[in-house]
Structure formats: structure tokens, C-alpha cells
1. Tell me which residues, restricted to the range 58-70, are in a helix (DSSP H, G or I) and hydrophobic (A, V, I, L, M, F, W, C).
2. Let me spell it out: the conditions are (1) open to solvent by 80 Å² or more (accessible area, probe 1.4 Å); (2) part of a loop (DSSP other than H, G, I, E, B), and residue 55 meets all of them except one. Which number is the exception?
3. Could you tell me whether the range 62-69 includes any residue that is under 25 Å from residue 98 (Cα atoms), touching a Gly at 6+ places or on another chain (Cβ under 8 Å) and surrounded by 14 or more Cβ atoms within 10 Å (Cβ to Cβ)?
4. Name, by its number, the condition in (1) farther than 20 Å from residue 153 by Cβ; (2) open to solvent by 60 Å² or more (accessible area, probe 1.4 Å); (3) not in a helix (DSSP H, G or I) that does not hold for residue 35.
5. Determine which single condition residue 41 fails, assuming it passes every other condition in (1) small (Gly, Ala, Ser); (2) open to solvent by 40 Å² or more (accessible area, probe 1.4 Å); (3) not in a loop (DSSP other than H, G, I, E, B).
6. Which residue out of 15, 78 is open to solvent by less than 50 Å² (accessible area, probe 1.4 Å), under 29 Å from residue 150 (Cβ atoms) and in a loop (DSSP other than H, G, I, E, B)?
Amino acid sequence: MDIDSKLVHIHNISGAKAVANIIRTTLGPRSMLKMIIDNQGGIIVTNDGYCVLREIETFHPAAKSLIELSRMQDNEIGDGTTTVVLLSAELLKTAEILLKRKFHPNQIIGGYYKVLNDILFFFEKNLSFDIKKSNFEDISKIILTSICTKFVGRYSRLICEIAFKAICKINLKFETLQIKEFIKIEKITGGQIENSRVLSGILIAKDVSHPKMRRFILNPKILLLDCHVDFKKGESKLSLEITDESKWEDTLKTEENYTIYLCNILKKFHPDVIITEKKSIRF
């Protein structure tokens, strides 16, 4: 290798180590929180590696690669975003020593691949073991390793139970199951985290529009609409000039009669719940 190639390698490794040093203190159960001000002036307090790295704007190729690596880890696994960056930086740090001893990069990469195969073989033979998907105790040990270092660490047992119940509600036979397509986390203002629970079905965060409406219905008859449940307005902008008070009362009466007409149509189906994707009036 020539001198320019060595300088490029050293420069890239230095950029990777700089990124790793930013989130080094956010690793482990005694991790420190980082306070970040984003581009819009908002304040973010977190100890998650990817939450910190995604706010960094850099044009350094090696630094961008580590940030992208952390993003992929977050999308695929959801945890270990800090570990994967620090581990990569340490491997590059070791590679820097070998480069100074005039080892070729291909030799270093080949050595890392051999070590990777040995590690995987060791884990498979000595540390790995089979678990049953229905065994909560074994599953909870895996989940706790991801939760104990977060803000919600003191509620780790509760979160494990909620996560386990939610997964059991859906079909587990699919190996490439997209969790976000089957499970939704709904945040409701008020209450405590201990009130959180798993609900089977669909949750719509809406309140009743009248105090006499029932709040609990067993086996309801649901009517789904894709139209407005409201007084139909003109497609273009219209203006109505009224000079007589009686005409104004007639106009209001017409809207009221149309609303009553819609209600009578809906009553024929005897629904317990009406769900519409369009605008609805409060009768």
C-alpha cells in the first residue's frame, strides 16, 4: 500500500472512533443520558444509541456507515444500536494497529471472518439452547436484557408480560412476521403505566358524543359507512342571502329535517355502533 492509501484508512478509522466516542457512555445498565437539541429546537433526552446518532449530520463516509449500521440494527432487531457501533469501532481500532504493522486490508478482513466463524461455532455448541415459545420465564429473560437499561426499567416485568401476551395473540408460525402490522401501541393521556393492558381486536380512541349513550356493549351490531353522516353541502362555494327572518328559520328547519331523515335511515338497521371514515354530525 502507498502512503495515500494508509492515510485514507487512518482517516476513516478516526471518523468511526469519533462516532463511537459520542455514544460510548450510553452503553450498559449504568449508562448516562444524552440531552440533544434537534434541528427544530426540540429537546431529546435518551440513552438509545440510534436516537443520538440519527441527529448527527456528517459527510464522513465511515461515520455515515456506522450511523446506517445502527439504523439497520434498530429496524431489524430493535436493540443493540449502541453495541453494534462500539463493537465495529473496536474492530477498526484493532485493524489500525495491524495496518501500521504493514498488514494488507484483505488479510485483516480474512482474519475477522475466521474469528467470526469460530465465535458462531462456540456459541452454537456451548452457549445456545432451545426455548419454547410458550415458556414465559425463558422469554422474559431475553426481553429483560433489552429493557433493563431503558427509562422504563422499573416496569420491566410488566412490559415483559404485556409484550408476551401481545405476541401470543397473533399467529407465531410465521418466521418473518411483521409485528407492526398486527400490533398497535395506543397512547392515551392520563392514568398510570400500570393501567396498560393488551386488548384483542381494534381500539378506536373516541368518546361517546352523548352522555346517555352506552359505554359497554356486548356483541354489538356495527354499521360501517364510507359516506358523510352530515348535512350535504354544495361542491362549490355558495353564498345565500336571506332578507326575511322566516326564510332563515326555514333554512335551519331544512337542515334539521335532513338530519332526521338520515337518522331514520340508520335506525332501520338497528346498529349499536356506527363507524364512518367521513365527517359526522353530533345529533
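1. Across the range 58-70, the qualifying residues are 62, 63, 66, 67, 69.
2. The single condition residue 55 does not satisfy is (1).
3. yes
4. (1)
5. (3)
6. One residue alone meets the criteria, 78.
The values are calculated or read from the model by the stated rules, or taken from the named source; none is laboratory data. Worth saying up front: this structure is predicted, and the values here are computed from it rather than measured. Cβ sites come from the backbone with ideal geometry, for glycine too, and all protein chains shown count toward neighbours. Quick note on the areas: whole protein, heavy atoms, side chains included, nothing else; ligands and nucleic acids left out. Shrake-Rupley method; radii C 1.70, N 1.55, O 1.52, S 1.80 Å.
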